[in-house]
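Colleague: Could you have a look at this structure, given as structure tokens, before my questions?
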Amino acid sequence: MNNTKRLLVLLLALALVFVCTACQSGGQSTQGENGQNLTHVRFVLEWTPNTNHTGVYVAQALGYYEEQGLEVEILTPPDGGAAALVAAGSAEFGVAVQENIGTFLAADEPMPITAIASIIDHNTSGLISLKEKGIDDFSKLEGKNYATWNGATELAIIKQVMADAGSDFDKLVCVPAPSEDAVSMIQMSDIDVAWVYEAWDVQAAELAGVDYNFIRFSDISPVLDYYTPVIIGNNQVLEENPELAKAFMAATAKGYEYCIQNPKEAADILVQAVPELTPELVEKSMEFLANEYKAEKEHWGTIDEARWTAFFDWMYEQGLIDKQLGSQGFTNEFLPQ
């Protein structure tokens, strides 16, 4: 069994466990505070709550979902299980990343999921290191220790940016990541550089007073300006109940537009909903994301077909998937016009 099949089996197993333990299914009618009937919808995160998800929490807190006749339940999945849960029908909508969607769609039995909105318009991931290490360009990674999770797509991306910078991936030392905290990792003696997301880890580094360098993948390799994260929907829901999807996306888009215009207030809403988060980090992250959620686009959420397709083509060329997907796997039709 190859790695892709193992991953799919594991994720589907997690989904089945989640289905069996869920206490309430989606699509049921409940009654709102004003006595109106609301449709219960489940939205599953791909990770623990963070500022990628603020627009959903805002839409929930400010009544935008209720305005659309919805009661939205926000769920936290087992690690990495969001796409499988949506595919299995244990959540109508959720969060995923394009690189995983490519793997799922290229499988012998493709997952029945579709991306229906981009949460952040551009890929803000890259590498962080202490400034004293002098890694201000991908060409300077040779001989350095990189904290890796040993993912196939992860390593292919590192290889790509090094090649584009004229350096040799074989001269990079890959060390198993000892922690999920990138700021702590780069301060360890045996770690020089770690993969991070600018909206969270880089902001955390600034708050911690760490003198760092950060280099974005997409700055040197435009094909890596892929979509991460995105909102996905279950294909059966999208096909059989498009009005539900449109209602959900109308409220969600309104939530993210609020975040763009009111980052401080949006940060407060997220912290109230998830009090274990650090308020200072949430606020700083929201200040950054207010300019990144839709970037130069007129409206939040739309996915560019050329960028989406280019990344799937790259995945195929790198042998990460064994079939060409073209522009499969996304639609903008459920976003408000």
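Colleague: Looking only at region 173-185, decide whether some residue is among the small types (Gly, Ala, Ser), surrounded by fewer than 19 Cβ atoms within 10 Å (Cβ to Cβ), without any contact (Cβ under 8 Å) to a residue 40 or more places away in the chain and over 30 Å from residue 44 (Cα atoms).
Modeller: No, every residue in region 173-185 fails to be among the small types (Gly, Ala, Ser), surrounded by fewer than 19 Cβ atoms within 10 Å (Cβ to Cβ), without any contact (Cβ under 8 Å) to a residue 40 or more places away in the chain and over 30 Å from residue 44 (Cα atoms).
Colleague: Still on this model: How many of the residues in region 235-252 are open to solvent by less than 10 Å² (accessible area, probe 1.4 Å) and in contact with a Pro (Cβ under 9 Å, 6 or more places away or on another chain)?
Modeller: 1
Colleague: I need every pair where a residue in region 270-298 that is within 14 Å of residue 256 (Cα to Cα) has its Cβ under 6 Å from the Cβ of a residue that is of a type in the set (Asp, Glu), sequence separation at least 6 or different chains.
Modeller: So the pair list comes out as 294/121; 295/121; 297/121.
Colleague: For region 256-334, list the helices (runs of 4 or more DSSP H) that sit wholly inside it and hold at least 3 residues that are open to solvent by 20 Å² or more (accessible area, probe 1.4 Å) and more than 22 Å from residue 202 (Cβ to Cβ); which are they?
Modeller: Qualifying helices (runs of 4 or more DSSP H): 263-273, 305-317.
Colleague: Here is a list: 170, 190. Which entry is open to solvent by 50 Å² or more (accessible area, probe 1.4 Å), of a type outside the set (Ser, Thr, Tyr) and touching a strand residue (DSSP E or B) at 6+ places or on another chain (Cβ under 8 Å)? Give the derivation first.
Modeller: Details: 170 fails: touching a strand residue (DSSP E or B) at 6+ places or on another chain (Cβ under 8 Å).
It is 190.
Colleague: Which one of the conditions (1) at pLDDT below 95; (2) part of a loop (DSSP other than H, G, I, E, B); (3) within 29 Å of residue 266 (Cα to Cα) does residue 23 fail to meet, given that it meets all the rest?
Modeller: (3)
Colleague: Return the total of residues in region 187-213 being modelled with pLDDT of 95 or more and not in a helix (DSSP H, G or I).
Modeller: 13
Colleague: Moving on. Evaluate the following for residue 30: is it in a strand (DSSP E or B) and at pLDDT below 95?
Modeller: Here the answer is yes, as residue 30 does meet what is asked.
Colleague: When residue 245 is evaluated against the numbered criteria (1) within 17 Å of residue 333 (Cβ to Cβ); (2) out of contact with any strand residue (DSSP E or B) (no Cβ under 7 Å at 6 or more places or on another chain), which criterion, by number, is the only one it fails?
Modeller: Single failed check for residue 245: (2).
Colleague: Where residues in region 181-199 are within 20 Å of the chain's Cα centre (by Cα) and among the small types (Gly, Ala, Ser), which of them is nearest to residue 51 (Cα to Cα)?
Modeller: Here the answer is 199.
The values are calculated or read from the model by the stated rules, or taken from the named source; none is laboratory data. Predicted, not measured: the structure shown is a model, and the values here were computed from it. Here the Cβ is made from the backbone with ideal geometry for all residues, glycine too, and neighbour counts use every protein chain on show. Accessible surface is based on the protein model in full, side chains and every heavy atom, while ligands, DNA and RNA are left aside. Shrake-Rupley method; radii C 1.70, N 1.55, O 1.52, S 1.80 Å.
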